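The values are calculated or read from the model by the stated rules, or taken from the named source; none is laboratory data. Here the structure is a predicted model, which is why all the values come from computation and not from measurement. Note that each Cβ is placed from the backbone with ideal geometry, even for glycine, and that neighbours are counted across all protein chains shown.
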Amino acid sequence: MKKILLLCFLYCFGSFAFGQKYATEKGQISFFSDAPVEDIEAINSVVGSLFNGSTGEIVYILKMRDFIFPKALMREHFNEKYIESEKYPKGTFQGKITGFSASATGVQNVRAIGKLSIHGVTQDIDVPGTIESVSGKLHMKSKFFVKLVDYNIKIPTIIWQNIAEEVEVRIDIIYKPL
Amino acid sequence: MAALICSTVAFCQDDLLKELEQSEKSETDYAFQTFKGTRLVNGHSVETKPRGTLEFIFAHRFGPLAGKMYELFGLDDAQVRLGLDYGITDNLSVSIGRNSFDKTMDGYVKYKLIRQSKGGRSFPVTVTALLGMGNTPLYHPDLEPDNFEYIDRLSYVSQLLIARKFTPNFSFQIMPTLVHRNAVDLDEGKNDQAAIGVGGRIKLTKSVALTSEYYYRINPVNYDRIKNPIGFGIDIETGGHVFQLVMTTTRELTERAFITETEGEFKDWNFQFGFNVTRTFQLKHK
């Protein structure tokens, strides 16, 4: 058992020591809700993320309260009624990126596979994206849809026309090497 | 071996997440929405309007239930305050209003001094300062003495609103208050009235909450007619509107009036129903 632990430790340590890791320099995660009555776009520019270029592991953390909306009331309702940010303050993604090669240049098409946690619910997702390597930095982009029911987010029937059942999530982050 | 690699991969991922969590500075989390509206029942809550938002408040108080069937339990008679609140910054609001009861025009400046927070900087309560002025042009030629001047129509209120959101569903507020009237009836005899208010909110669902408010007068006038005001409300939120259904012992909606001139009580049907309807408009976009 000790040997296995030691092996685990070495494996991890090894991958950390020799793998190139990247952290968020700047960027944002936004979502867009396209509903009959109004379109809502919210932007979170305080996203924390770490990416291990050699193993492909990637993690994201964001705080729900950091989403900025065009109207103050939308932000209030988002936090208090839908995402319940006092109970579930953070959203996380923990997974792996496949199809990325540290040595390749230009735009690479990749996939992110892992667990997305929002509103206290964790779902397995598999979404497409691109990574472009620009002078040592990585520019990561992705666009995918999140269904509100999958994360147990309920919209009252009285305003169902104001909020889409599926929101488009956009990720646009520049990473710098650590 | 495959299992081993799998487990180490999972192990590493957890480490990456932990590393990220640790690298995030211990940020300060502020309590938000201690109350739904800027008013608890009749008086103010610690809340101010966010920057660039304008709120229209239509407050309506029926007559006392004592009117029974003859006055349809007070529904025949109505007093109204039309008000506008605007957020200059997220912490500074101004407000104006006009009351039909005694034709008082009121104005307020409200500033959030400190917010309840935890984490990096922690503070147990939210504190808001309120300064208000009222102008009562109600014309009483037979009551006004010869040397009655316009300035005698003015009254002032200064209030410290201190609130804590104990849980997402329970908030509590205390409000030390000083009301100053430039002129008072001789038998009411006091220009300065100190009071301490207590109030709270219990959320029943995400959109429905119970609120209550009570003001205790510290130096009451020696005059039985005037009572301490009590109010209860049910807040119902639907999109951009907030409806507050209230039951209060006062028909008046400025601090001067409801702290120093409340005559009703929860006895002998001497209280009334009413409602506040608010509509918020976003004038400036972020």
Worksheet item: Given the conditions (1) touching a strand residue (DSSP E or B) at 6+ places or on another chain (Cβ under 6 Å); (2) buried (at least 18 other Cβ atoms within 10 Å of the Cβ), which single one is not true for A:Asn79?
Response: (1)
Discussion item. Exactly one of these conditions fails for B:Thr248: (1) farther than 14 Å from B:Gln79 by Cα; (2) at pLDDT 85 or above; (3) in contact with a strand residue (DSSP E or B) (Cβ under 6 Å, 6 or more places away or on another chain). Give me its number.
Written reply: (1)
Worksheet item: Is it true that A:Asp172 is away from every other protein chain (no Cβ under 13 Å), not aliphatic (A, V, I, L, M) and not in a strand (DSSP E or B)?
Response: no
Response to the item:
Being more than 14 Å from chain A (Cβ to nearest Cβ), surrounded by 24 or more Cβ atoms within 10 Å (Cβ to Cβ) and basic (Lys, Arg) narrows B:Arg251, B:Arg256 down to just B:Arg251
Worksheet item: Picking from B:Ile226, B:Ile236, which residue would you name as being β-branched (Val, Ile, Thr), more than 14 Å from the chain's Cα centre (by Cα) and within 14 Å of chain A (Cβ to nearest Cβ)?
Response: B:Ile236
Item to complete: Confirm whether B:Ser155 is within 20 Å of B:Thr104 (Cα to Cα), among the small types (Gly, Ala, Ser) and assigned to a strand (DSSP E or B).
Response: yes
Worksheet entry | Single residue of B:Gln244, B:Gln193 found to be touching a Leu at 6+ places or on another chain (Cβ under 8 Å) and either buried (at least 16 other Cβ atoms within 10 Å of the Cβ) or touching a residue at least 40 places away in the same chain (Cβ under 8 Å) (or both) | B:Gln193
Fill in: Total residues in segment A:66-123, condition in a strand (DSSP E or B) and within 11 Å of another protein chain (Cβ to nearest Cβ)
10
Worksheet entry | Meets criteria (on the phi > 0 side of the Ramachandran plot and surrounded by fewer than 17 Cβ atoms within 10 Å (Cβ to Cβ)) for B:Lys118 | no
Item to complete: Please enumerate the residues belonging to segment B:243-264 that are of a type in the set (Phe, Trp, Tyr), farther than 16 Å from B:Gly199 by Cα and not in a strand (DSSP E or B).
Response: none
Practice prompt. Take the residues in segment A:124-158 that are assigned to a loop (DSSP other than H, G, I, E, B) and out of contact with any Ser or Thr (no Cβ under 8 Å at 6 or more places or on another chain), then tell me which one is nearest to A:Leu178 (Cα to Cα).
Written response: A:Gly136
Worksheet, complete the sentence: Going through segment A:25-59 in order, the residues found to be part of a strand (DSSP E or B) and touching a Leu at 6+ places or on another chain (Cβ under 8 Å) are A:Ile29, A:Asn44, A:Gly48, A:Ser49, A:Leu50, A:Phe51, A:Asn52, A:Glu57, A:Ile58, A:Val59
Item to complete: Filter segment A:33-45 down to residues that are within 10 Å of another protein chain (Cβ to nearest Cβ) and modelled with pLDDT of 90 or more, then give me how many there are.
Response: 1
Response to the item:
Filter segment B:27-59 for residues that are in a loop (DSSP other than H, G, I, E, B) and among the hydrophobic types (A, V, I, L, M, F, W, C); the one that is nearest to the other protein chains (Cβ to nearest Cβ) is B:Phe32
